[in-house]
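K.L.:
Below is a structure I'd like to ask you about.
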Amino acid sequence: MRASTPTDAAKRIVPDVARERLSISSARRSMVSLLEARLQREQLSLSSLRTRPVLAHPQTMVDIREERLGHTIARARTLLNEQLLQACGDIGRLSAELNALSPASTLERGYAVVQTAAGVVVRTAKDAPAGTALTIRLAKDTLPAVVSD
């Protein structure tokens, strides 16, 4: 830049106060305008969020989840009770099968177990020759016996 006189050079170097004040004032108005616009947008955003049902009545979400949880717990209890009833039935059936197959049950029907004095079960007549001492086990007690023939 060229200046014809020192005064002209000084005028060109030193900013004009009026112009600077005008520039600052313009920047301030622009910032205030931008800030107000931003605040309005945020206010509108908050207002729209507040109108949503979830935020208008937040307890509704909790109530819905609580109701679902109650239904789930009730269903779990029902299923557990059904399984327990089935298990009880299975135990009863298995117990009856066990009793039917038990040697004690066989003895209750009138059968007996014949054993030698050593405790060996006699299955055939050859297992107990004449003179062999035997124990005959019945349902409630035992009888001693000796093979005669």
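K.L.:
Counting each DSSP H run of 4 or more residues in the chain as -39500 (n - 2.57), what helix-only mean residue ellipticity at 222 nm follows after dividing by all residues, to the nearest 500 deg cm²/dmol?
P.N.:
Taking each H run of at least 4 residues, the total per residue is -22000 deg cm²/dmol.
K.L.:
Against the longest principal axis of the chain, how steep is helix 17-50, in degrees 0 to 90 to the nearest 10, with axes from Cα atoms?
P.N.:
The angle comes out at about 30 degrees.
K.L.:
Hey, what did the chain get for relative contact order, percent, Cα under 8 Å, at least 6 apart?
P.N.:
The value is 11 percent.
K.L.:
Each residue of region 105-112 in turn: what ³J(HN,Hα) in whole Hz from Karplus with 6.51, -1.76, 1.60 and θ = phi - 60°, glycine and Pro shown as x?
P.N.:
Those phi angles translate into 5, 4, 5, 5, 7, x, 7, 9 Hz.
K.L.:
Determine the per residue accessible area of region 110-149 with all protein chains present and a 1.4 angstrom probe, expressed in square angstrom.
P.N.:
Result: 76 Å² of accessible area for each residue.
K.L.:
Applying the Karplus parametrisation 6.51 cos²θ - 1.76 cosθ + 1.60 with θ = phi - 60° to the phi angles of region 71-87, what ³J(HN,Hα) value in whole Hz is obtained for each residue in order, glycine and proline being reported as x?
P.N.:
The phi angles translate into 5, 5, 5, 4, 5, 4, 5, 4, 4, 5, 4, 4, 5, 5, 4, 5, 5 Hz.
K.L.:
How much of the accessible area of the chain, in percent, comes from carbon and sulfur atoms when a 1.4 Å probe is used?
P.N.:
Values: 7930 of 13130 Å².
Roughly 60 percent of what the probe reaches on the chain is carbon or sulfur.
K.L.:
Once you treat every alpha carbon in the chain as an equal point and sum by Debye, what is log10 I(q)/I(0) at q = 0.10, 0.13, 0.18 Å⁻¹?
P.N.:
For the requested q values the scattering log ratios are -0.78, -0.92, -1.11.
K.L.:
Residue 134's amide H: which non-local residues (gap 5+, or another chain) put their own amide H closer than 5 Å, with H modeled 1.01 Å from N in plane and none for Pro or chain starts?
P.N.:
145, 146, 147
K.L.:
Next question. List the residues, sorted by chain then number, that are 5 or more residues from residue 122 or on another chain and whose placed amide H is less than 5 Å from its amide H.
P.N.:
Amide H neighbours of residue 122: 114, 115, 116.
K.L.:
Just report the Cα centroid separation between region 57-122 and region 1-49, whole Å.
P.N.:
Taking the Cα centre of region 1-49 as reference, the centre of region 57-122 is 87 Å away.
The values are calculated or read from the model by the stated rules, or taken from the named source; none is laboratory data. Since we're looking at a predicted model, the values are computed, not measured. The protein model used for the area step is the full one, side chains on, heavy atoms only, and it has no ligands, DNA or RNA in it. Shrake-Rupley method; radii C 1.70, N 1.55, O 1.52, S 1.80 Å.
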